[in-house]
Amino acid sequence: MPLVPVEFLTDEQVARFGRFADQVPSQAELERFFFLDDADRALVRRHRGQHNRLGFSLQLGTVRYLGTFLADPLEVPTEVVDFLASQLEIADPSCVKSYGQRQATQWEHAAEIRSECGYRDFADATGEVAEFVSARAWTRVESAKALFDAAVAWLRT
């Protein structure tokens, strides 16, 4: 459940927020958010085992795409797993199922991604979000949904 009032969102919008839900990223989105450049590959190579490299890559791409880490990093469309496995030359993408065996690994990887990529937890930006929303609300005429979407976009950047 979200920690902010979201009465202006439909139940479906709340349920889909920060999740893939039934959406499959387009080819353009896969290339934009899940493409592993040289720096990404260097991070991925730090991890042993194909399942850990693929799981780490899933978390890296997911946080770029959704703006948040998933509670279960394996709740991603098969197309995303296949796209990353192909880049990592992993013949059997189903090896990623072993990634969830040690939950601490997921948390450690998320912390590493935050540190290496300069990401912060949204909860750490509460004051900044309040300032952004306040300034925007005073200078524009927008619906609550538009203001919410703008704040989410601002947080993701």
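The values are calculated or read from the model by the stated rules, or taken from the named source; none is laboratory data. This structure is a prediction, so every number in the text was calculated from the model and none was measured. Using ideal geometry, Cβ is built from the backbone for each residue, glycine included, and neighbour counts are taken over all protein chains shown.
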Pairs with Cβ under 8 Å, 6+ apart, first in segment 72-86 and over 12 Å from G61 (Cα atoms) and assigned by TED's automatic domain parsing to the domain that holds D22, second among the basic types (K, R) and surrounded by 15 or more Cβ atoms within 10 Å (Cβ to Cβ): E75/R19
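A quick yes/no check of all residues on (1) at pLDDT below 85; (2) part of a helix (DSSP H, G or I):
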site: V96; (1), (2): no, yes
site: G100; (1), (2): yes, yes
site: Y119; (1), (2): yes, no
site: T126; (1), (2): yes, yes
site: V133; (1), (2): yes, yes
site: R136; (1), (2): yes, yes
site: V141; (1), (2): yes, no
site: W154; (1), (2): yes, yes
Scope segment 34-52; condition buried (at least 17 other Cβ atoms within 10 Å of the Cβ) and of a type outside the set (A, V, I, L, M); matching residues: F34, D40, H47, Q50, H51, N52
Inter-residue pairs, beta-carbon under 8 Å, first under 15 Å from S57 (Cβ atoms) and in segment 88-106, second modelled with pLDDT under 90 and of a type in the set (D, E), 6+ apart: G100/D72
Take segment 14-33 and flag every residue that is modelled with pLDDT under 70 and surrounded by fewer than 14 Cβ atoms within 10 Å (Cβ to Cβ). V14, A15
What is the number of the single condition among (1) closer than 30 Å to D38 by Cβ; (2) within 18 Å of the chain's Cα centre (by Cα); (3) assigned to a helix (DSSP H, G or I) that S86 does not meet? (2)
